[in-house]
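The values are calculated or read from the model by the stated rules, or taken from the named source; none is laboratory data. Everything numeric here is computed off the predicted structure, so don't read it as measured data. Neighbour counts are summed over all protein chains in view; Cβ atoms, including those assigned to glycine, are modelled from backbone coordinates with ideal geometry. Side chains included, ligands, DNA and RNA excluded: accessible areas come from the protein's heavy atoms. Shrake-Rupley method; radii C 1.70, N 1.55, O 1.52, S 1.80 Å.
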Amino acid sequence: MEGHLFASLAGGTWAGGTCGSDRIESKEEGLTTEQAAAGLLAGVQRGNHHITANFITGLLRASTRGSALSSNAFGDTVLNSVAQIGIPIWRSSVDKQIVAHRQEHKAYLER
């Protein structure tokens with residue numbers, strides 16, 4: 001298991017929001033506070049430079065780590081390869097949901 005701030009960005013425990021963001025974010029169950037803390041502690045104990053707590057955040061970590069040291073060169077290469085295919089597909093689906101929600105959001109802002 002791995003834990004980072006990415007947990008709240010991609011599948012974290014927060015699934016609310018205003019004006020429809022809960023529709024996008026509620027698909028992921030996310031991590032409990034205890035799971036995130038355990039993942040963070042385990043990553044610190046392993047000496048990881050970027051700590052994630054689930055598969056999705058691991059994909060983000062592997063594909064955006066920049067010059068930070070790798071936790072596992074082979075594993076990160078595999079995760080990065082999956083992310084290079086999967087993240088654009090995911091991003092496209094989220095973009096479509098956001099565009100489809102435009103009128104409702106505009107009405108919300110004009111209240």
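Before moving on, here are some points about what is shown:
- Condition met for Ser71 (touching a His at 6+ places or on another chain (Cβ under 8 Å) and among the hydroxyl-bearing types (Ser, Thr, Tyr)): yes
- Residue selection: Ala68 fails the criterion of being modelled with pLDDT of 70 or more, of a type outside the set (D, E, K, R) and not in a loop (DSSP other than H, G, I, E, B).
- Pairs where the first residue, in the range 54-76, is open to solvent by less than 50 Å² (accessible area, probe 1.4 Å) and the second is of a type in the set (Ser, Thr, Tyr) and at pLDDT below 85, C-beta under 7 Å, 6+ apart: Gly58/Thr52; Arg61/Thr52; Asp76/Ser70
- Test: residue in the range 78-98 that is surrounded by 12 or more Cβ atoms within 10 Å (Cβ to Cβ) and not in a helix (DSSP H, G or I): no
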